[in-house]
Amino acid sequence: MGFAYELDVDEETGRVALSYTHPPVGEDAAFDRSAIVVVGEDGAMERVACEDAPGVWCSYPAWSGGRIWYSESGAALDEGVLAVVSMVDPGTGEVDVRIPWATEPAAAPGGARVAWIAMDPETGARRLELGGGDGERVRTLVQEGEHEDIGQPFFSADGAHVYYVAVWPVWSYVSVLTSFFVSTAHAHSSHDVAGDWWRVSVDGGEPEQVTDLDTVHYDGRADPGGEWIWLATREGVRRVDVGTGEVVLERASRVVRALEVR
């Protein structure tokens with residue numbers, strides 16, 4: 001009766017970080033919170049971030065140099081702030097960085113850079129930001145208004161590009177931005193709006209469309225070899241050749257929501 005939403009694997013140690021909701025305990029309310037946990041070799045889970053309290057949600061774990069980037073939303077934040085991106089040392093629980101009005105962090109291989117989705121406090125419009133390994137902002141990679149909405153960033157294997165999903169326009173889309181990406185459902189990393197993957201250079205420039213699948217996307221990862229990206233979609237796990245655009249459905253399944261490529 002527990003739920004795991006997103007995952008990331010430490011490239012150095014193989015440890016798995018999860019966004020996780022624990023099963024009901026006694027008479028406590030169930031499924032009203034999530035935490036960042038690290039799974040040991042024996043399968044035991046250790047909470048490393050997020051207050052264990054109703055309405056507190058932590059999600060999108062991303063390993064970087066032995067620490068974990070993650071996003072938090074809900075009851076524990078300052079009034080009016082919808083989400084923050086933070087970095088935690090899983091050994092000590094010390095939080096080193098807090099970026100307000102940000103969500104969905106992604107770490108580059110080796111930890112030299114981090115990217116995240118920033119939100120305008122007034123309008124909710126989203127943009128893609130690039131930072132150094134310490135979270136210090138470097139530049140905006142995708143401006144507000146470039147797409148109807150964006151999300152789910154990840155770095156290419158060489159760290160030279162950031163991939164992201166741009167959704168296709170739907171009715172009254174701005175009015176549902178928050179409910180899909182920031183509210184309680186924010187921790188689930190899924191929605192039902194079709195889109196496609198794009199990428200942009202970490203040096204800036206015009207984004208380019210990578211896929212033309214017009215489907216719901218749940219997660220994406222770069223293949224370590226650099227030639228492919230792997231996608232969890234509504235129809236299953238797909239492998240996409242970034243040079244030719246060839247798409248291979250590797251596993252037909254409607255249940256895969258998160259993946260990791262090793």
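The values are calculated or read from the model by the stated rules, or taken from the named source; none is laboratory data. Treat the numbers as computed from the prediction; the structure is a model and nothing was measured. Every residue, glycine among them, receives a Cβ derived from its backbone with ideal geometry; neighbour counts consider all protein chains shown. For the accessible areas, the whole protein counts, side chains as well, though only heavy atoms, and no ligand, DNA or RNA atoms are used. Shrake-Rupley method; radii C 1.70, N 1.55, O 1.52, S 1.80 Å.
Taken over region 186-218, the criterion of being among the charged types (D, E, K, R) and either modelled with pLDDT under 95 or open to solvent by 20 Å² or more (accessible area, probe 1.4 Å) (or both) is satisfied by ASP192, ARG199, ASP203, GLU206, GLU208, ASP212, ASP214.
Residues in region 61-77 that are open to solvent by 30 Å² or more (accessible area, probe 1.4 Å), within 19 Å of ALA112 (Cα to Cα) and in a strand (DSSP E or B): ARG67 only. Applying the criterion of being small (Gly, Ala, Ser) and either in a strand (DSSP E or B) or more than 16 Å from VAL56 (Cα to Cα) (or both) to the residues of region 13-38, the residue that is nearest to the chain's Cα centre (by Cα) is SER19. In region 142-157, the residues that are within 25 Å of PRO224 (Cα to Cα) and assigned to a strand (DSSP E or B) reach residues that are among the basic types (Lys, Arg) and modelled with pLDDT of 95 or more with C-beta atoms within less than 7 angstrom, at least six apart or across chains, in these pairs: VAL142/ARG127; ILE150/ARG126; PHE154/ARG221.
If you go through region 93-123 and pick out every residue that is touching a residue at least 40 places away in the same chain (Cβ under 8 Å) and either touching a His at 6+ places or on another chain (Cβ under 8 Å) or part of a loop (DSSP other than H, G, I, E, B) (or both), you end up with 6.
Can you say whether ARG251 is surrounded by fewer than 17 Cβ atoms within 10 Å (Cβ to Cβ), basic (Lys, Arg) and over 15 Å from ASP196 (Cα atoms), as far as the supplied structure shows? Yes: the conditions hold for ARG251.
Of everything in region 89-103, what is of a type outside the set (A, V, I, L, M) and buried (at least 20 other Cβ atoms within 10 Å of the Cβ)? Give them in sequence order. Residues satisfying the conditions are PRO90, THR103. Of all residues in region 6-15, none satisfies being surrounded by 13 or more Cβ atoms within 10 Å (Cβ to Cβ) and either farther than 25 Å from GLY159 by Cα or free of Cβ contacts under 8 Å to residues at least 12 places away in the same chain (or both). Quick check on region 144-175: of everything there that is modelled with pLDDT of 90 or more and under 16 Å from ASP212 (Cβ atoms), which residue is surrounded by the most Cβ atoms within 10 Å (Cβ to Cβ)? The extreme case among them is TYR164.
What are the residues in region 88-104 that are within 15 Å of GLU129 (Cβ to Cβ) and of a type outside the set (Gly, Ala, Ser), if any? Matches in region 88-104: VAL97, ARG98, ILE99, PRO100, TRP101, THR103, GLU104.
From the list TRP63, TRP69, TRP57, the one residue that fits, being of a type in the set (Phe, Trp, Tyr) and closer than 23 Å to THR123 by Cα, is TRP57. For region 104-143, the set of residues classified as open to solvent by 10 Å² or more (accessible area, probe 1.4 Å), acidic (Asp, Glu) and closer than 24 Å to LEU18 by Cβ is empty.
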